[in-house]
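Presented below is the structure to which this report refers.
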Amino acid sequence: MSSEPSIFFSDVNERQGSFLRRTFVLGGLTALGVTALVGRLGQLQVIQAREYATLASNNQFNFRLVPPPRGLVKDRNGVVIAGNRPSFRVLVVRDETKDLDQTLDLLGRLLPDTVERRRAIIRDVNAAPRFSPVPVKSDLTWEEFAKVNLYANELPGVMADMNEARYYPFGGAFAHVVGYVAKPNDRDIQAYRDRDEDPPSILFNPGFRVGRQGVEKALDEQLRGEAGGNRVEVDARGRVVGEDVGGSKPAVHGEEVVLTLDADIQNRALEVFGEESGGCVVMDVRNGDVLCMVSAPSFDPNLFVGGVPSKVYRALADYERRPLLDKAIYGTFPPGSTFKMTTALALLDAGVNPAERVTCTGGYFYGGRTFRCWRRGGHGSMDMHNAIKNSCDTYFYHMCNRAGIDRIARVAEDLGFHQTYDIGIDGQRRGTMPSQAWKANYNRKNPNPDSRKWYPGETLSVAIGQGAIETTALQLATMTSRLANGRKAITPRLIKSIGGKEHPQPESRRDLPFPQEHLDIVRAGMAAVANDVTGTAYRASQLGLGDIQMAGKTGTAQSRDYGTGSRGPRDAVWSRRDHALFVAFAPHDAPRYAIALIIQHAPAGGAADAAPRAREVMKVALLKDPDMRARIERPLPPEAQGPAEAGEGEAGNIGGLVETTPAPQAPTPRPAAPGRTATSGPRPYLAEPPQ
């Protein structure tokens, strides 16, 4: 019996139920998806519409920082000494170039000098943020600017525009005191991070500059201003396709800084130095305003704005006369005989009678050695007035230990030595003022206790401005200003105003701790130096400005130990010469201006080299003063007129500048002292010759 196959058919109702369940699930999922999609679209278009509109706008527009113009720096009369000028420049945007090397090759054909700086350009371009234009060359001529624009279509990623560049119209005259600007470096950025601060974004802008040295560095934040920005439209690759002028933010100009300096006096001071090296400071003895602060030789700060070539920088850095060093406040020198007024005040403070006389025979024997006077044959009988006038070393050798080193040091600090001043520039040198405590501290690690003891023989060298004592031109000018003022301890001021607000004196002026009669004695000696025909600086100190006269003091400071060798000024090697100094104030009967001038390794000495140059600078200061001009133009009484007013004079040449010194009135000045020759035995110091 065979079985037959059976066919079973599913129930129609069962199939329909399964279909309906699937439809319900799929429909529910679809409805849920649509609901979620609608909800998300509603959130994006309604709730978060503003947020995403902002993000879209940010993707479409970029805000590119624009460096602000630096604030102007002016002198006391409103003359711009650090400003800004228009400058054509060419820029490269790395991300818009197809091949940077090829682009630079093409650019080198138009601007050949960019070939020499190729490595530096590539380094700057690669270090810049994306789509940030990097200056390749500044100060293009009009022909270069036009040539780059002419071939712009063949130079993708290259553009030329005009910006403001820092400019120093007086070149080297203000290079040290005002300083210069340069590109920010890693140290600038790290300085912010060391203070737990985020570096400003503008610091990474290739066109931004920061202050270096002098006022530019000290007041960098005030001069820097506030960065602006251009709102530019970019495509998906970040390339600029347009600019939104309405959304741009203009940069805020830096604050204006006015200094107490006078451009005419400053220029003249640098001019008279010629090829010589040194520093010069002129101060107003009434309020401490610094009218001139020059260091020579100088350099052109404009070279550093766009980046100084390494060869030029090395030439400046390696030159033995150190043009990059500010010798007015950083360079320290022995004051030489210009320190003798300080020693004289210390002697008077110790009760020494100024009329007491010392016989100078050309030297002073003390402690088994002879300390020589600069005048080989001696000065004869000297009191304090004549010792200052003739710069007699023997007088101060003989008298100095009556005051002692500690009293001399105290008086020196009262006059402004061994101090720094709040003039707005950091890094001043204090110099050295020896004392018993100073020597004990200086030799504190020496196991020999005698090395920490001060010996009276050491005071002899300090008394005439030699030995361990060192000072700056600014300190010497402060000393001279205080002597001239006679009442207040004048402190120097360099910054007159910032942003239109008057900059106050750094500290209240205290009274000088010296009796008026003591100051009169010292000032009378200084007046005799410049106006007595036997004074050491008579011929070099005649101003030829009516009845206005200077009071001053010469100095020739030994720069090394000569032993039995010859004096420095007679040595042809520059580095082995002595330093020449001159300090003065004028008019001596109603002081207004004080000057200190130092020539490093001078050819001759204080009277021959420093005094004539200081006189020329002082004349400019006096001639610019309306009160002094009125006094100069006032006719002299008939009995005061003499050969000097008849136009007779002695021509000389200082630093390549022709000068005229009025002929002395009778009696005729004595001949110059015999030249200084070598002597046997230790010779710690020889001061300056009269001429």
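Quick notes
- Backbone geometry of the stretch 287-294 corresponds, through the Karplus equation with coefficients 6.51, -1.76 and 1.60 at θ = phi - 60°, to 3J(HN,Hα) couplings of 9, x, 4, 8, 8, 7, 8, 10 Hz, x marking Gly and Pro.
- Straight-distance crosslink candidates among lysines, where the alpha carbon sits under 19 Å from Lys496 and sequence neighbours closer than 8 are dropped: Lys74, Lys217, Lys624
- Evaluating 6.51 cos²θ - 1.76 cosθ + 1.60 at θ = phi - 60° for every residue in the stretch 20-37, the Karplus couplings come out as 5, 5, 5, 4, 5, 5, 4, x, x, 5, 5, 4, 5, x, 5, 4, 5, 5 Hz, glycine and proline recorded as x.
- Close amide H pairs (under 5 Å, H built 1.01 Å from N) link Lys137 with Val90, residues at least 5 positions away or on another chain.
- Cross-link reach is defined here as a Cα-Cα straight distance under 24 Å, omitting same-chain residues fewer than 8 places apart; for Lys389 the lysines meeting it are Lys340, Lys553, Lys619.
- Under-5 Å amide H pairs with Thr471, H placed in peptide plane, nonlocal only: Phe333, Thr432
- Close amide H partners of Leu261, meaning residues 5 or more places away or on another chain with modelled amide H under 5 Å apart, are Arg76.
- Ranked packing of 74-82, 336-344, 550-558, most packed first, by mean Cβ within 10 Å: 550-558, 336-344, 74-82
- Given R0 = 45 Å, the distance between the Cβ atoms of Asn443 and Ile632 translates into a calculated FRET efficiency of 0.25.
Values quoted throughout were computed directly from the atomic coordinates according to the rules given, and no laboratory measurement underlies them. Small disclaimer: the values here were computed from a predicted structure and weren't measured. When we count neighbours, we look across all protein chains shown, and the Cβ atoms used for this are built from the backbone with ideal geometry, even at glycine.
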